[in-house]
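K.L.:
Below is a structure I'd like to ask you about.
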Amino acid sequence: MTASQHTPRYFALLPAAGVGARMAADGPKQYLMVGGKPMLRHAVDAFRASELVAHTYVVVSAADGQIDGVLPADLDGVTVLRCGGATRMDTVLNALRELQGVVADGDMIMVHDAARPGLTPALIAKLINGVGDDAAGGLLALPVVDTVKRATGVAPVAATTVSRNGLWLAQTPQMFSYALLLRALGSAPDANAITDDASAVEMLGLSPRLIEGHPRNLKVTLPADIRIAEMYLASGE
(Lines give C-alpha, C1' and ligand atoms only; values in the text may rest on other atoms or scores of the structure.)
Protein backbone atom coordinates (compact mmCIF):
# COMPACT_ATOMS: atom_id res chain seq x y z
CA MET A 1 0.00 0.00 0.00
CA THR A 2 1.39 3.40 -0.99
CA ALA A 3 1.29 6.50 1.20
CA SER A 4 -1.61 7.87 -0.87
CA GLN A 5 -3.57 4.66 -0.24
CA HIS A 6 -2.91 4.62 3.48
CA THR A 7 -6.09 4.46 5.54
CA PRO A 8 -5.48 7.04 8.25
CA ARG A 9 -5.81 6.40 11.93
CA TYR A 10 -6.94 9.22 14.21
CA PHE A 11 -4.91 10.27 17.22
CA ALA A 12 -5.64 12.89 19.88
CA LEU A 13 -2.88 15.15 21.19
CA LEU A 14 -3.53 17.39 24.20
CA PRO A 15 -0.82 19.93 25.10
CA ALA A 16 -1.10 20.41 28.87
CA ALA A 17 2.17 22.04 29.89
CA GLY A 18 0.79 25.53 30.51
CA VAL A 19 0.54 27.29 33.86
CA GLY A 20 -2.83 29.01 33.38
CA ALA A 21 -1.74 32.47 34.51
CA ARG A 22 -5.02 34.19 33.59
CA MET A 23 -7.01 31.89 35.87
CA ALA A 24 -5.31 33.34 38.99
CA ALA A 25 -5.26 29.82 40.41
CA ASP A 26 -2.69 28.07 42.59
CA GLY A 27 -1.67 25.68 39.81
CA PRO A 28 -2.16 24.79 36.15
CA LYS A 29 -5.77 25.33 35.11
CA GLN A 30 -6.06 21.93 33.43
CA TYR A 31 -6.19 20.42 36.92
CA LEU A 32 -8.96 22.66 38.26
CA MET A 33 -12.13 20.79 39.18
CA VAL A 34 -14.99 21.24 36.73
CA GLY A 35 -18.20 19.33 37.22
CA GLY A 36 -16.67 16.97 39.75
CA LYS A 37 -13.41 16.05 38.02
CA PRO A 38 -10.25 17.73 36.73
CA MET A 39 -10.81 19.77 33.57
CA LEU A 40 -8.20 17.80 31.63
CA ARG A 41 -9.94 14.51 32.40
CA HIS A 42 -13.17 15.68 30.71
CA ALA A 43 -11.32 16.24 27.43
CA VAL A 44 -9.41 12.98 27.67
CA ASP A 45 -12.57 11.01 28.42
CA ALA A 46 -14.29 12.44 25.33
CA PHE A 47 -11.54 11.00 23.12
CA ARG A 48 -11.54 7.70 25.04
CA ALA A 49 -15.29 7.41 24.43
CA SER A 50 -14.93 7.87 20.67
CA GLU A 51 -14.62 4.68 18.63
CA LEU A 52 -12.90 6.71 15.91
CA VAL A 53 -9.84 7.60 18.01
CA ALA A 54 -6.98 5.09 18.03
CA HIS A 55 -5.08 6.59 20.98
CA THR A 56 -4.78 9.76 23.05
CA TYR A 57 -1.51 11.48 24.00
CA VAL A 58 -1.30 14.08 26.76
CA VAL A 59 1.81 16.28 26.82
CA VAL A 60 2.99 17.74 30.13
CA SER A 61 6.17 19.32 31.41
CA ALA A 62 8.91 17.07 32.76
CA ALA A 63 8.37 18.48 36.26
CA ASP A 64 4.59 17.95 36.34
CA GLY A 65 3.74 16.31 39.65
CA GLN A 66 -0.06 16.17 39.28
CA ILE A 67 -0.66 14.25 36.08
CA ASP A 68 -0.31 10.77 37.62
CA GLY A 69 -3.23 11.46 39.92
CA VAL A 70 -5.43 12.51 37.00
CA LEU A 71 -4.33 9.98 34.39
CA PRO A 72 -3.09 6.78 36.06
CA ALA A 73 -0.51 4.75 34.14
CA ASP A 74 -3.00 1.91 33.65
CA LEU A 75 -5.68 4.12 32.05
CA ASP A 76 -6.66 2.45 28.80
CA GLY A 77 -6.05 4.31 25.55
CA VAL A 78 -3.94 7.13 27.00
CA THR A 79 -0.20 7.83 27.09
CA VAL A 80 1.45 10.74 28.92
CA LEU A 81 4.43 12.37 27.21
CA ARG A 82 6.69 14.43 29.48
CA CYS A 83 8.19 16.70 26.85
CA GLY A 84 6.30 19.98 27.24
CA GLY A 85 8.03 23.10 25.96
CA ALA A 86 8.13 26.81 26.71
CA THR A 87 5.23 27.60 24.38
CA ARG A 88 2.16 25.72 23.19
CA MET A 89 3.74 25.31 19.76
CA ASP A 90 6.94 23.94 21.30
CA THR A 91 4.91 21.44 23.30
CA VAL A 92 3.02 20.15 20.26
CA LEU A 93 6.17 20.02 18.14
CA ASN A 94 8.11 18.14 20.83
CA ALA A 95 5.30 15.60 21.05
CA LEU A 96 5.16 15.10 17.29
CA ARG A 97 8.88 14.39 17.25
CA GLU A 98 8.42 11.90 20.10
CA LEU A 99 5.77 10.11 18.04
CA GLN A 100 7.94 9.76 14.95
CA GLY A 101 7.76 6.10 13.94
CA VAL A 102 4.72 5.51 16.15
CA VAL A 103 2.26 7.24 13.82
CA ALA A 104 2.43 7.28 10.03
CA ASP A 105 2.79 10.41 7.91
CA GLY A 106 -0.78 10.03 6.69
CA ASP A 107 -2.32 9.47 10.13
CA MET A 108 -4.43 12.34 11.42
CA ILE A 109 -3.54 14.26 14.58
CA MET A 110 -6.31 16.06 16.47
CA VAL A 111 -4.75 18.73 18.69
CA HIS A 112 -7.14 19.76 21.46
CA ASP A 113 -6.91 22.32 24.25
CA ALA A 114 -6.85 20.69 27.67
CA ALA A 115 -8.96 23.64 28.87
CA ARG A 116 -11.95 22.73 26.67
CA PRO A 117 -13.86 20.24 28.86
CA GLY A 118 -17.06 20.38 26.79
CA LEU A 119 -15.82 18.25 23.89
CA THR A 120 -18.02 15.24 23.01
CA PRO A 121 -17.59 12.15 20.82
CA ALA A 122 -20.26 13.62 18.53
CA LEU A 123 -18.14 16.73 17.91
CA ILE A 124 -15.09 14.55 17.28
CA ALA A 125 -17.05 12.57 14.69
CA LYS A 126 -18.35 15.78 13.12
CA LEU A 127 -14.79 17.06 12.68
CA ILE A 128 -13.51 13.80 11.20
CA ASN A 129 -16.44 13.42 8.81
CA GLY A 130 -16.46 17.12 7.88
CA VAL A 131 -12.76 17.29 7.01
CA GLY A 132 -12.85 14.01 5.14
CA ASP A 133 -9.81 13.67 2.89
CA ASP A 134 -9.10 17.40 2.62
CA ALA A 135 -5.31 17.64 2.40
CA ALA A 136 -5.33 20.94 4.32
CA GLY A 137 -7.08 19.44 7.35
CA GLY A 138 -9.59 21.41 9.36
CA LEU A 139 -10.86 22.56 12.71
CA LEU A 140 -13.98 23.10 14.75
CA ALA A 141 -15.03 26.75 14.82
CA LEU A 142 -18.05 28.98 15.37
CA PRO A 143 -19.28 31.72 13.03
CA VAL A 144 -19.23 35.17 14.66
CA VAL A 145 -22.79 36.31 15.42
CA ASP A 146 -22.18 39.48 17.48
CA THR A 147 -21.41 42.91 16.07
CA VAL A 148 -17.63 43.39 16.07
CA LYS A 149 -15.95 46.67 17.08
CA ARG A 150 -12.33 47.71 16.60
CA ALA A 151 -11.10 49.77 19.57
CA THR A 152 -8.40 52.43 19.63
CA GLY A 153 -6.64 54.45 22.31
CA VAL A 154 -5.23 53.66 25.75
CA ALA A 155 -8.74 53.78 27.17
CA PRO A 156 -10.57 51.59 24.61
CA VAL A 157 -12.95 53.56 22.41
CA ALA A 158 -15.10 52.02 19.70
CA ALA A 159 -13.61 53.41 16.52
CA THR A 160 -15.17 51.33 13.79
CA THR A 161 -17.58 48.48 13.26
CA VAL A 162 -15.93 45.51 11.58
CA SER A 163 -17.94 43.35 9.22
CA ARG A 164 -18.52 39.92 10.75
CA ASN A 165 -19.10 38.35 7.34
CA GLY A 166 -16.80 35.38 6.99
CA LEU A 167 -15.43 35.66 10.55
CA TRP A 168 -15.21 32.52 12.67
CA LEU A 169 -13.94 31.83 16.19
CA ALA A 170 -11.47 28.96 16.18
CA GLN A 171 -12.01 26.05 18.54
CA THR A 172 -10.28 22.72 18.90
CA PRO A 173 -9.72 19.93 18.02
CA GLN A 174 -7.77 21.03 14.97
CA MET A 175 -6.92 18.08 12.74
CA PHE A 176 -4.11 17.65 10.24
CA SER A 177 -2.03 14.81 8.90
CA TYR A 178 1.03 14.02 10.98
CA ALA A 179 3.40 14.98 8.15
CA LEU A 180 1.65 18.29 7.45
CA LEU A 181 1.47 19.37 11.08
CA LEU A 182 5.11 18.46 11.70
CA ARG A 183 6.18 20.46 8.63
CA ALA A 184 4.00 23.45 9.48
CA LEU A 185 5.13 23.77 13.09
CA GLY A 186 8.73 22.92 12.28
CA SER A 187 8.96 25.71 9.73
CA ALA A 188 7.03 28.38 11.67
CA PRO A 189 9.32 31.41 12.15
CA ASP A 190 7.99 32.55 15.54
CA ALA A 191 6.48 30.25 18.15
CA ASN A 192 4.82 33.17 19.92
CA ALA A 193 2.97 34.13 16.73
CA ILE A 194 1.37 30.67 16.44
CA THR A 195 -1.77 30.90 18.55
CA ASP A 196 -3.25 27.74 17.08
CA ASP A 197 -2.08 24.94 14.81
CA ALA A 198 -4.20 26.09 11.88
CA SER A 199 -2.28 29.38 11.72
CA ALA A 200 0.95 27.44 11.16
CA VAL A 201 -0.68 25.43 8.38
CA GLU A 202 -2.00 28.66 6.83
CA MET A 203 1.58 29.97 6.67
CA LEU A 204 2.27 27.18 4.17
CA GLY A 205 -0.39 28.65 1.88
CA LEU A 206 -3.07 26.10 2.76
CA SER A 207 -6.65 26.77 3.87
CA PRO A 208 -7.92 24.38 6.56
CA ARG A 209 -11.61 23.57 6.44
CA LEU A 210 -13.93 25.15 9.03
CA ILE A 211 -16.37 22.71 10.64
CA GLU A 212 -19.07 24.27 12.80
CA GLY A 213 -18.55 23.34 16.45
CA HIS A 214 -20.70 24.06 19.50
CA PRO A 215 -20.72 26.75 22.23
CA ARG A 216 -20.33 24.02 24.87
CA ASN A 217 -16.79 23.50 23.55
CA LEU A 218 -15.66 26.81 25.06
CA LYS A 219 -12.15 27.37 26.34
CA VAL A 220 -11.94 27.94 30.08
CA THR A 221 -9.71 30.99 30.39
CA LEU A 222 -11.13 33.09 33.23
CA PRO A 223 -12.62 31.91 36.57
CA ALA A 224 -16.17 32.75 35.43
CA ASP A 225 -15.80 30.32 32.51
CA ILE A 226 -15.82 27.36 34.88
CA ARG A 227 -19.47 27.91 35.81
CA ILE A 228 -20.45 28.19 32.15
CA ALA A 229 -18.64 24.95 31.34
CA GLU A 230 -20.35 23.22 34.26
CA MET A 231 -23.75 24.35 33.00
CA TYR A 232 -23.12 22.74 29.63
CA LEU A 233 -21.76 19.57 31.21
CA ALA A 234 -24.80 19.30 33.48
CA SER A 235 -27.29 19.93 30.67
CA GLY A 236 -25.88 17.34 28.30
CA GLU A 237 -26.48 19.69 25.36
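The values are calculated or read from the model by the stated rules, or taken from the named source; none is laboratory data. Source: prediction; values computed, not measured. Backbone-built Cβ (ideal geometry, glycine too); neighbour counts: all protein chains shown. Each accessible area value is taken on the protein alone, full model and side chains, heavy atoms only, with ligands, DNA and RNA left out. Shrake-Rupley method; radii C 1.70, N 1.55, O 1.52, S 1.80 Å.
K.L.:
So for the range 72-80 (the condition being assigned to a loop (DSSP other than H, G, I, E, B) and open to solvent by less than 30 Å² (accessible area, probe 1.4 Å)), does at least one residue qualify?
P.N.:
Yes, some residue in the range 72-80 is assigned to a loop (DSSP other than H, G, I, E, B) and open to solvent by less than 30 Å² (accessible area, probe 1.4 Å).
K.L.:
Could you list all residues from the range 82-141 that are part of a helix (DSSP H, G or I), open to solvent by 40 Å² or more (accessible area, probe 1.4 Å) and either modelled with pLDDT under 95 or not hydrophobic (A, V, I, L, M, F, W, C) (or both)?
P.N.:
The answer is R88, D90, N94, R97, E98, P121, K126, N129.
K.L.:
Which residue pairs have Cβ atoms under 9 Å apart, sit 6 or more places apart or on different chains, and have a first residue in the range 169-187 that is under 11 Å from L96 (Cα atoms) and a second that is assigned to a strand (DSSP E or B) and open to solvent by 30 Å² or more (accessible area, probe 1.4 Å)?
P.N.:
Note: pairs meeting the criteria are Y178/Q100; L182/Q100.
K.L.:
Does G205 meet the test of being free of Cβ contacts under 8 Å to residues at least 12 places away in the same chain, surrounded by fewer than 19 Cβ atoms within 10 Å (Cβ to Cβ) and more than 29 Å from Y31 (Cβ to Cβ)?
P.N.:
The answer is yes for G205.
K.L.:
Oh, and also: Please report, ordered by residue number, the strands (runs of 3 or more DSSP E) entirely within the range 147-218 with at least 1 residues that are under 20 Å from N129 (Cβ atoms).
P.N.:
The strands (runs of 3 or more DSSP E) meeting that bar are 168-177, 209-212.
K.L.:
Can G18 be described as assigned to a loop (DSSP other than H, G, I, E, B), in contact (Cβ under 8 Å) with a residue 12 or more places away in the chain and not hydrophobic (A, V, I, L, M, F, W, C)?
P.N.:
yes
K.L.:
I've got another one for you. Say whether the condition of being of a type outside the set (V, I, T) and buried (at least 17 other Cβ atoms within 10 Å of the Cβ) is met by at least one residue in the range 149-160.
P.N.:
The answer is no, given that none of the residues of the range 149-160 is of a type outside the set (V, I, T) and buried (at least 17 other Cβ atoms within 10 Å of the Cβ).
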